[in-house]
Amino acid sequence: MKMLSTLQTPRSLSRFSLLLPSAATTTFSHFSSNSLPHASLSDQSTAVPSQSQILSIRHSLLSRQVTAVDLAHSYLTRLRLTEPQLHSFLHVPDDSAVLAEARELDRRIDGGEEVGPLAGVFVAVKDNICTADMPSTAGSRILQGYRPPFDATAVKRVKELGGIVVGKTNLDEFGMGSTTEGSAFQVTSNPWDVSRVPGGSSGGSAAAVSARQCVVSLGSDTGGSVRQPASFCGVVGLKPTYGRVSRFGLMAYASSLDAIGCFGSSVADAGILLHAIAGHDKFDATSSKQDVPNFLSHFVSESSLGSKPLKGLRVGLIRETIDDGVDSGVISAIREAALHFEELGCSVNEVSLPSFSLGLPAYYILASSESSSNLSRYDGIRYGNQVFSDELDSLYGNSRAQGFGSEVKMRILMGTYALSAGYYDAYYKRAQQVRTIIRNSFKEALNQNDILISPAAPSAAYKIGEKKNDPLAMYAGDIMTVNVNLAGLPALVLPCGFVEGGPAGLPVGLQMIGAAFNEGELLRVGHIFEQTLNKFRFVPPIEADSVA
């Protein structure tokens with residue numbers, strides 16, 4: 001298997017790009033919002049990252065090169081044309097609702113009113129994140145048709161900063177899966193090859209950004225559910241430090257591991273979205289009170305870069321992630337990325353984390369144990385669909401039997417077993433001890449290195465149905481990502497190369513891991529890496545103009 005630097009055919013999105021002129025040389029003096037002190041971007045003249053769709057949209061709207069209504073029509077048309085092939089969304093509101101928001105935005109701009117930094121930005125939201133005006137099902141029949149009475153804090157902040165929620169994306173039921181095949185409603189396809197999975201559980205959010213059905217999207221990451229689909233779909237995925245983003249309104253899977261993350265077509269867009277949703281929340285006791293830095297200040301324009309823009313940066317390549325069990329094409333892509341870091345002035349050394357392989361079994365014990373507790377609230381009485389019965393026990397049992405899918409039932413049983421008397425010490429307690437070992441090993445490695453790198457997944461996207469009946473093989477695909485959640489660290493995944501497969505090759509994602517609350521450094525390094533990786537263009541072959 002070889003790198004596709006010569007095989008990758010550049011693709012264009014003609015209908016989409018007409019409405020978004022390049023902002024590579026533009027500066028903004030007022031990219032801020034006073035409505036949310038926790039997420040305001042300081043007023044300053046800042047060089048705009050050329051890849052940022054968010055900033056391009058803002059520039060286009062404020063200069064009146066395009067109206068919000070025209071932009072809405074463009075995105076909605078693209079979404080409607082590509083959705084029959086991709087199935088990224090479980091719910092999309094009526095066009096009239098989206099266009100009404102766009103018209104109101106145009107009115108405010110024409111009137112000289114201040115608009116938020118996400119004004120006109122179309123944001124997709126994973127369907128396990130609550131939205132008051134749209135269904136939130138978590139991909140499960142037990143919540144089919146459920147409409148929460150409130151917005152999740154992350155969604156509320158997006159809306160307050162001007163973002164337009166364009167729909168709810170597909171996922172594996174309650175976040176338990178790696179392909180979206182665990183959804184109770186549909187399977188999402190990968191925009192690079194519709195016969196392949198987009199990854200999971202946030203596969204719908206990743207596919208929507210990859211196919212340019214939206215600008216950015218929100219996902220959730222319990223063991224890699226943002227980073228693995230970002231790798232499969234050739235987009236940027238950002239999993240923040242545990243506590244950086246409020247979990248209020250995120251339907252709990254494993255509470256000590258869950259994090260709301262961000263997808264974008266560029267590092268800049270993922271960083272801007274994180275800035276919008278990050279910060280302490282009084283409704284979430286686990287949200288951190290750490291100050292949220294101005295992530296935009298970490299981005300340096302390509303024209304300002306020297307010959308060695310990352311000189312002195314210490315990069316550790318995790319040896320255990322480029323060993324047996326990882327596809328040769330993925331290893332080649334990661335080694336090429338390591339060479340690119342050296343060209344940028346970094347010192348790159350292999351780092352051994354002997355406890356790395358212990359993360360996968362520890363993760364599945366802990367996540368299953370916590371899910372068995374969290375999902376007990378779905379009993380057919382307080383939430384979701386109810387199966388009528390004369391007996392209370394039968395009502396509980398039948399509602400869950402018909403509402404939960406097979407993967408969710410299996411993980412609930414695994415977790416209940418691990419927590420049961422006589423087995424708690426052998427499984428759950430030991431997994432927590434392993435978690436501490438993993439956290440300490442990462443801390444030691446990050447004391448000696450500024451960032452750690454690895455593949456985001458041991459392979460590129462595989463065929464739909466290929467691993468559906470082999471859960472152990474599917475679980476093994478999480479080996480690159482689960483340790484980061486166990487340690488509570490931030491990680492950024494961005495595309496770094498290709499392997500053969502599909503009509504235009506399949507993207508490979510590079511995972512960058514940083515110290516706790518050091519997302520700014522990850523974004524700075526990722527942005528420079530992205531700008532200087534000139535030989536690749538990560539635009540999938542699915543085009544609106546070619547969809548019948």
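The values are calculated or read from the model by the stated rules, or taken from the named source; none is laboratory data. As the structure is a prediction and not an experimental result, all values here were calculated from the model. Positions of Cβ are backbone-derived with ideal geometry, glycine not excepted, and every protein chain shown enters the neighbour counts. These area figures cover heavy atoms from the full protein model, side chains too; ligands, DNA and RNA do not enter into them. Shrake-Rupley method; radii C 1.70, N 1.55, O 1.52, S 1.80 Å.
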Post the alpha-carbon centroid distance, segment 124-144 to segment 294-329, in whole angstrom.
36 Å
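Quote the relative contact order of the chain in percent (integer), defining contacts as alpha-carbon pairs under 8 Å separated by 6+ residues.
Values: 1313 pairs, mean separation 102.7, N = 548.
In percent, rounded to a whole number, it is 19.
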Under the Karplus relation with 6.51, -1.76 and 1.60 and θ = phi - 60°, whole-Hz ³J(HN,Hα) for segment 379-389, x at Gly and Pro, equal 10, x, 10, 7, 9, x, 7, 10, 9, 5, 7
Leaving out ligands, DNA and RNA, what percent of the accessible area of segment 66-202 is carbon and sulfur, probe 1.4 Å?
50 percent
Expressed in square angstrom to the nearest 10, the accessible area of Ile542 with a 1.4 Å probe stands at 20 Å²
Where a label projected 7 Å from the Cα of Asp94 along Cα→Cβ would reach, residues of segment 119-153 with amide N under 16 Å
133-135
What is the gain in length, in nm to one decimal, between Glu342 and Lys409 on full extension, counting 0.36 nm per residue of separation less the C-alpha to C-alpha distance?
19.4 nm
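What FRET efficiency, computed as 1/(1 + (r/R0)^6) with R0 = 45 Å and r the Cβ-Cβ distance, is obtained for Asp70 and Ser255, rounded to the nearest 0.05? Before the final figure, lay out each step's value.
Working: r = 43 Å, r/R0 = 0.95.
So, using R0 = 45 Å, E works out to roughly 0.55.
Using a cut-off of 12 Å between beta-carbons, work out the net charge of the residues near Lys468 (Lys and Arg +1, Asp and Glu -1, Lys468 not included). It would help to have the intermediate numbers written out before the result.
On the way: positive: Lys463, Lys467; negative: Asp172, Glu181, Glu407, Glu466, Asp470.
Combined, the nearby Lys, Arg, Asp and Glu give -3.
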Charge sum, other residues only, whose C-beta stays under 11 Å from Gln213's C-beta, Lys/Arg counted +1 and Asp/Glu -1:
+2
Place +1 on the Cβ of every Lys and Arg and -1 on the Cβ of every Asp and Glu in the chain, take the dipole about the Cα centre, and give the residue among Gly167, Ala515, Leu76 whose Cα lies farthest towards its positive end.
Ala515
In nm, to one decimal, how far is the Arg537 label point from the Ser394 one, both placed 7 Å along Cα→Cβ?
6.4 nm
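Using a ≥ b ≥ c from the Cα gyration tensor of segment 238-315 (square roots of the eigenvalues), is it rounded, prolate or oblate, where a/c under 1.5 gives rounded and otherwise the larger of a/b and b/c decides, a/b for prolate?
Details: a/c = 2.38, a/b = 2.34, b/c = 1.02.
Verdict is prolate for segment 238-315.
Between Arg108 and Ile381, what length comes free when the chain is fully extended (0.36 nm per residue of separation minus the Cα-Cα distance, one decimal in nm)?
Working: separation 273, 0.36 × 273 = 98.28 nm, distance 4.43 nm.
Going from the current span to full extension adds 93.8 nm.
To the nearest 20 debye, what is the magnitude of the charge dipole of the chain about its Cα centre, counting +1 on the Cβ of each Lys and Arg and -1 on the Cβ of each Asp and Glu?
The calculated dipole for the chain is roughly 300 debye.
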Protection proxy ranking, peptides 401-413, 296-308, average beta carbon neighbours within 10 Å, highest first:
401-413, 296-308
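Compute the signed sum of charges (Lys and Arg +1, Asp and Glu -1) over the other residues within less than 12 Å, Cβ to Cβ, of Arg108. Don't jump to the answer; show the numbers that get you there.
Numbers: positive: Arg103, Arg107; negative: Glu101, Glu104, Asp106, Asp110, Glu113, Glu114.
Taking every Cβ under 12 Å from that of Arg108, the sum is -4.
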Taking the dipole about the Cα centre of the chain, with the C-beta of Lys and Arg at +1 and of Asp and Glu at -1, give me whichever of Gly200, Gly316, Ala457 is farthest to the positive side.
Gly316
Everything considered on the Cα gyration tensor (a ≥ b ≥ c; rounded for a/c under 1.5, else prolate if a/b is larger than b/c, else oblate), segment 61-156 must be described as oblate
For the chain, what does -39500 (n - 2.57) per DSSP helix run (n ≥ 4), summed and divided by total residues, give at 222 nm, in deg cm²/dmol to the nearest 500?
-10500 deg cm²/dmol
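I need the helices of the chain that pass two filters: whole DSSP H segments spanning 15 Å or more by Cα along the axis, and mean Kyte-Doolittle score no lower than 1.6. Spell out each step's value before the answer.
Values: long enough: 68-86 (26 Å, -0.05); 95-110 (22 Å, -0.63); 267-277 (16 Å, 1.74); 328-343 (22 Å, 0.31); 359-374 (22 Å, 0.01); 392-403 (16 Å, -0.78); 406-419 (20 Å, 0.49); 430-448 (28 Å, -0.87); 519-532 (20 Å, -0.29).
Those that clear 15 Å and a mean of 1.6 are 267-277.
Greater than 22 Å separation of Cα atoms is the criterion. Which listed pairs, Lys126/Lys429; Lys463/Lys535; Lys239/Lys467; Lys126/Lys159, meet it? Don't jump to the answer; show the numbers that get you there.
Values: Lys126/Lys429 32 Å; Lys463/Lys535 27 Å; Lys239/Lys467 25 Å; Lys126/Lys159 15 Å.
Flagged as over cut-off: Lys126/Lys429; Lys463/Lys535; Lys239/Lys467.
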Quote the accessible area belonging to His73 in square angstrom, nearest 10, computed with a 1.4 Å probe and with ligands, DNA and RNA left uncounted.
90 Å²
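Can you tell me the accessible area per residue over the chain, all protein chains present, probe 1.4 angstrom, in square angstrom? The partial results should precede the final answer.
On the way: 19830 Å² over 548 residues.
It amounts to 36 Å² per residue over the chain.
Arranged from highest to lowest average of other beta-carbon atoms within 10 Å per residue, in what order do the peptides 268-279, 197-208 appear?
Put in order of decreasing packing, that is 197-208, 268-279.
For a protection proxy built on the mean count of beta-carbon atoms within 10 angstrom, sort 124-134, 173-183 highest first, please.
Working: 124-134: 24.7, 173-183: 28.1.
Output ranking for 124-134, 173-183: 173-183, 124-134.
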For the pair Ala285 and Leu62, the simple spin-label estimate (label points 7 Å beyond Cα toward Cβ) gives in nm 4.2 nm
Points 7 angstrom from Cα along the Cβ direction at Tyr146 and Ser352: gap in nanometres?
4.7 nm
